[in-house]
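Below: one structure, written as C-alpha cells.
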Amino acid sequence: MDFKKRVEDLLDKALKERPDIFLLEFSISDTNDVKIVVDGDNGVSINELVAISREIEHNLDRDEEDFSLTVSSVDITKPFYLKRQFRKNLNRPVKVKTSTGEEEGLLVNVEEDRIVLENKVREPKKTGKGKVTVIKHKDIPFDEIKEAKVVIKF
C-alpha cells in the first residue's frame, strides 16, 4: 500500500471515531508533507486535533517513510466549503457573495437548497412621522453562493 493510501485510511478511521468532526482539506506534497484541515459541528478542541494526529503518526513507520504531519482546525477567516459549515454557524453574522452582489446578515436558517439571512432595517412608518425597525429575511440558494464567511466584529 502506498503512503498516501495508508494516511487516507488512518485519517478515515480517526474521523469515524469522531462523527462530529469532518474533513475540509487533505494534501500530501511530493516531499511527504501531510496537511489536514478539519472542522467540527461544535468546533474542534486542541485535544481532538492531537488525537487525530496521534492516530495517524503512531501508525506510520518513520523508518519506511520520512514525512511531516500538520493537523489543524479551519481558520475562522476562511470561506465555508460545505453545507455542514453553514449549519455550524447558525445565528452568526455572515457575509455572502453571489453572482449579483453581496449580502450580509444573521444566518437564521439552513435548508437543503438555500440559506436564510436576517436583517433589521429602519423604515419610515406607514402613517405619521418617524421610523420603525423591521426584520427582513433574504433567501439565498446554494447554487448562487460564490463565497460565504463569518463576519468578525470587535
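Just to be sure, is Glu64 under 27 Å from the mean Cα position of the chain (by Cα) and either assigned by TED's automatic domain parsing to the domain that holds Ala14 or surrounded by 15 or more Cβ atoms within 10 Å (Cβ to Cβ) (or both)? Against the criterion (under 27 Å from the mean Cα position of the chain (by Cα) and either assigned by TED's automatic domain parsing to the domain that holds Ala14 or surrounded by 15 or more Cβ atoms within 10 Å (Cβ to Cβ) (or both)), Glu64 does not qualify. Inside the range 40-53, can you point out the residues that are free of Cβ contacts under 8 Å to residues at least 40 places away in the same chain, in contact with a strand residue (DSSP E or B) (Cβ under 9 Å, 6 or more places away or on another chain) and not small (Gly, Ala, Ser)? Result: Val44, Ile46, Glu48, Leu49, Val50. Mind checking whether some residue in the range 126-141 is exposed (fewer than 14 other Cβ atoms within 10 Å of the Cβ) and within 30 Å of Ala14 (Cα to Cα)? No. Can you report the number of residues in the range 107-153 which are touching a residue at least 60 places away in the same chain (Cβ under 8 Å) and either touching a Ser or Thr at 6+ places or on another chain (Cβ under 8 Å) or part of a strand (DSSP E or B) (or both)? Within the range 107-153, residues that are touching a residue at least 60 places away in the same chain (Cβ under 8 Å) and either touching a Ser or Thr at 6+ places or on another chain (Cβ under 8 Å) or part of a strand (DSSP E or B) (or both) number 5. Considered as a group, the residues in the range 27-55 that are assigned to a helix (DSSP H, G or I) and among the β-branched types (Val, Ile, Thr) include one that is surrounded by the most Cβ atoms within 10 Å (Cβ to Cβ), and that residue is Ile52.
Quick one: in the range 67-107, which of the residues that are of a type in the set (A, V, I, L, M) and loosely packed, with under 15 Cβ neighbours inside 10 Å is modelled with the lowest pLDDT? In this case the residue turns out to be Ile76.
The values are calculated or read from the model by the stated rules, or taken from the named source; none is laboratory data. Given the structure is predicted, the values throughout are model-derived calculations rather than measurements. For neighbour counting, all protein chains shown are included, and Cβ atoms are generated from backbone atoms with ideal geometry for every residue, glycine included.
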